[in-house]
Amino acid sequence: MKTEKIYSAGIDIGTSTTKMVVSSFLLKNVAGVTHVPRIEIIEKTVLHQSPIIKTPFINKEIIDMEKIEQFIFQQYQLAQISPADISTGAIIITGESATKENASEVVHAISDSAGHFLVATAGPDLEGIIAAKGAGTLQQSKNTAKIIANIDIGGGTANIAVMQFGEVIGTCTLHVGGRLIEFNNGIIQSISPPIMKLMEKWSNPLNVGDSAEDIRVTQIIQELVEIVAKMLSGQLTDEQHPLLLGHLPTWDKPVEAIVFSGGVAACIYEDECTNRQYDDIGEKLAKSLLQHEQLKSFLWLKPEETARATVTGAGTQTTEISGATIQVDAEALPLKNVPVFNCHIDTHSKEFDYAVKTAVAQADALFSIQENRSPFALYFSQLPYLSFRDVHTLCEAILKHLATRSSKEIPIIIVIQSDYAKVIGQTIQAINQTVPIICIDQIKVETGDYIDVGEVLPSGVVPVVVKTLAFHSK
Amino acid sequence: MNEQLVSMITQLVMEQIGNKGSDKSSHEPTVPIEDKKETLIKFHDTVVNANYAAEEVASSSTTEQSNEPLIKLYNTESSNHEQSYYSASNDESTYTSVPITEFKFEEDEVSESVQAAKKHTPARIGVGRAGTRPKTKTWLKFRLDHAAAVDAVYGEVTEGLLQKLDVFQVTTKVTDKEEYITRPDLGRRLSDEAKTLIQSECKKNPKVQIIISNGLSASAIEENVQDVYLALQQSLGNLNIEIGTTFYIDKGRVALMDEIGELLQAEVIVYLIGERPGLVSAESMSAYICYQPRIGTVEADRMVVSNIHKGGIPPLEAGAYLGTVVQKILHYKASGVGLVAKEG
């Protein structure tokens, strides 16, 4: 049976390193001949892995976008692929880089220039999830039925995602990373703000200029490892902890196994530390993690990728394929950075008009800046079983509240979890022939997520990237 | 719904067993049965199970006639109950807190991984066992599903549905269900009256002719045809594809479309027909599609979208999808293997 090949890129701009992968996906209809088609990615091949370079900065607060772009285009040349051929993929800005002044500008600008459809992403939770996917931990959780935590420790942050049966059940992010204290010629060159904060209660905190061999450096590392262990065993409950970034752990089941990925993990599983050209606490942190008693009680599993987990995840694991029976106005695609709002429909009362009206009003309040109504996707997560009449009522409600504001640039965007997109799209078309509509299904999102919808592929499906766009707050 | 029914039946069976048991044994075991009876009386009281209670009374009365000791047991039972009622009235709180215990199967204790696996299949996995046999619940569920399958085959599509769809009805050369099952060849031929009726009622040379038949599952048509038909009509309407005069065939087989295609010179036929029921669903419908079906059309030219039901391909989505399939067939002027070849 026919297959279809598309190219994908992944770019990770981290606290200390930047890297890129180019891969190809093979798409195929996997449904039986007597079924409605179901297009899935059946094969992913990494075509090119870039070297890991140091993230270039103009100064402490500004990322050198030009240098990053140069690097990307150089990699495309090496991979012998033109940016115009890239039909999906993601660029992610992670760790402390996401806190820089021009972080948002950098990812958006690069996503526009570095590929035909390359998605800008950011957000500590997403980092953890993408790293876990790239490290193969999500797949391991599917295969083993164990609750596995993937701890991606980079230069600035540790992003944890916990998974069971192939689904993410919680995330957490900590200020734990290899570059939190940097050395130069055996002397402390810099200490990152979260560590300074951690030492506030110390009578004799470390200072820039102290020796790298200072006993207090080891103490700091012990604290870092301690918090990782506490978090994994569900003992981290202090919302104000200086090393916690964002929310407390969100999973509610005990973790059984752990996997480390990220730059620091390279020192855990492989003796590659000598390759790490950085003079910082990374290596010692890895050794301390290995020796920690409480951590030893978990089952340790190996990742498929360490330092490249996040970039592999961004390049090969972010793209989803929509259902095959969808209704899309091809001219309105691609769509980028569309926020999602969940429209809840009560299974029993089926008050469509009221539900859509409230959802539209709430979404407007949430996403629109002043009078500027910005587009958003209306998401129907738990549609009850619908009859033809129900669909008509629902579509009339959608048109009533959204048709007047739609235009070629801003189509009506509907995302449905269950398989209803085609009939809903067609019904909207039957009622109103001119309104542009993007109606896709079999995509799972949540309020607060953003989606990017790529152009229609020959098999009639669209690639979709679900993401967050939250930049770390300092 | 099924679950509830199964547990009700089980309750009945259990009580019957209880009654028979008491019949054989002497006086002593009346005590545990007494408990059971108490729940039975409460059971009678509940309005929800009123119908059921009637049956229960009926069945006890039949046993009453043939089974002397049982009457006594039943009678002493109720008087016992009254007594306990009086004694209980001394203590109000005890009385009010008497729980109305409805029969319930023990909770399924399946591991999380089995639960996760169950999400991916409607098959009967992780149901446990009782010795070498399935548990009562599993067994009853199996019987229920089997009965539903049999009902689907022998059932009829209601007149009301056909009126709602505004379709007329024709017959094949088959006379009854037995013949339908044993003589597939007769289900592939229209009766003489049917031919006349179709020729007088139907638009000739339609682009798309839609036909409906109960086939092997009347419940499939009953449950799904309306949504599929309406969605398909709408889809073809959006695509500006003209539809002929839809009609219903009682006891038709798939290849009957050849004769109809010949008769009406239809370009494409979409044939909605009830599938042979299985134990997962007795309500599954198929849509067979063929470009210019004529007498002698080979099976390779037919296409099918199967598994259309609430738990499979949603009927509405199937209807919407069929419209685009018809569009493609009209574009390539081929269906089945021929279409695949032309598509390249």
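Quick note: the coordinates plus some simple rules give every number you see, no bench work behind them. Remember, predicted model here, so these are calculated numbers, not experimental data. Glycine gets a Cβ as well: all are built from the backbone with ideal geometry, and neighbour counts include every protein chain shown.
With +1 on each Lys and Arg Cβ and -1 on each Asp and Glu Cβ, and nothing else charged, work out how big the dipole of the stretch A:136-304 is about its Cα centre, in Debye to the nearest 20.
340 debye
Among DSSP beta bridges whose residues both lie in the stretch B:159-343, state the antiparallel percentage, nearest 5.
Approximately 45 percent, going by the DSSP bridge assignments.
Rounded, prolate or oblate: which fits the protein assembly as shown, taking a ≥ b ≥ c as square roots of the Cα gyration tensor eigenvalues, rounded meaning a/c under 1.5, else prolate when a/b beats b/c?
oblate
Under the definition of Cα pairs under 8 Å and six or more residues apart, what whole-number percent is the relative contact order of chain A?
Relative CO of chain A lands at 16 percent.
Calculate how many DSSP beta bridges within chain A are antiparallel, expressed in % of all such bridges and rounded to the nearest 5.
Percent antiparallel among DSSP bridges in chain A is about 65.
Does the stretch B:159-343 come out rounded, prolate or oblate by the C-alpha gyration tensor, with a ≥ b ≥ c the root eigenvalues, rounded set by a/c under 1.5 and, if not, prolate when a/b is larger than b/c and oblate if not?
Rounded shape, in that the Cα axes give a/c under 1.5.
Work out which helices of chain A, taken as complete DSSP H runs, extend at least 24 Å along their axis over the Cα atoms and score a mean Kyte-Doolittle of -1.0 or more, then list them.
In chain A, the long hydrophobic H runs are A:215-232.
For the stretch A:204-309, which GluC sites (Glu not before Pro) are both in a DSSP coil and crowded by at most 12 other Cβ atoms within 10 Å?
A:Glu213, A:Glu239, A:Glu270
For the stretch A:325-458, rounded, prolate or oblate, judged on the Cα gyration tensor with a ≥ b ≥ c (square roots of eigenvalues), a/c < 1.5 rounded, else prolate if a/b > b/c?
In terms of gyration-tensor shape, rounded.
Mind giving me the nanometre distance, one decimal, between the label points for A:Thr358 and A:Ser104, set 7 Å out from Cα along Cα→Cβ?
In this crude spin-label approximation the distance works out to 3.0 nm.
Between A:Ala430 and B:Thr138, what is the spin-label point distance in nm, taking each point 7 Å from the Cα along the Cα→C-beta axis?
4.4 nm
Given Cα pairs under 8 Å that are at least 6 residues apart, what percent is the relative contact order of the stretch B:159-343?
Once normalised by length, the contact order is 24 percent.
Using Cα centres only, tell me the gap between the stretch A:353-410 and the stretch A:52-99 in whole Å.
That distance is 37 Å.
Once the other residues with Cβ under 11 Å from the Cβ of A:Gly123 are scored (Lys, Arg +1; Asp, Glu -1), what is the net sum?
Counting the neighbours of A:Gly123, the net charge comes to -2.
Projecting each Cα onto the charge dipole of the protein assembly as shown (Lys/Arg +1, Asp/Glu -1 at the beta carbon, about the Cα centre), which of B:Gln4, A:Ile93, A:Leu289 comes out farthest on the positive side?
The one lying farthest along the dipole's positive direction is A:Ile93.
Using just the helices of chain A, give the 222 nm mean residue ellipticity in deg cm²/dmol: DSSP H runs with n ≥ 4 each add -39,500 (n - 2.57), and the total is spread over all residues, rounded to 500.
-8500 deg cm²/dmol
With labels modelled as points extended 7 Å from the Cα through the Cβ direction, what inter-label distance (nm, one decimal) is found for A:Ser82 paired with A:His348?
6.0 nm
Would you tally the net charge around B:Gly274, using a Cβ to Cβ cut-off of less than 15 Å, leaving B:Gly274 out, and scoring K and R as +1, D and E as -1?
Net charge in that neighbourhood comes out at -3.
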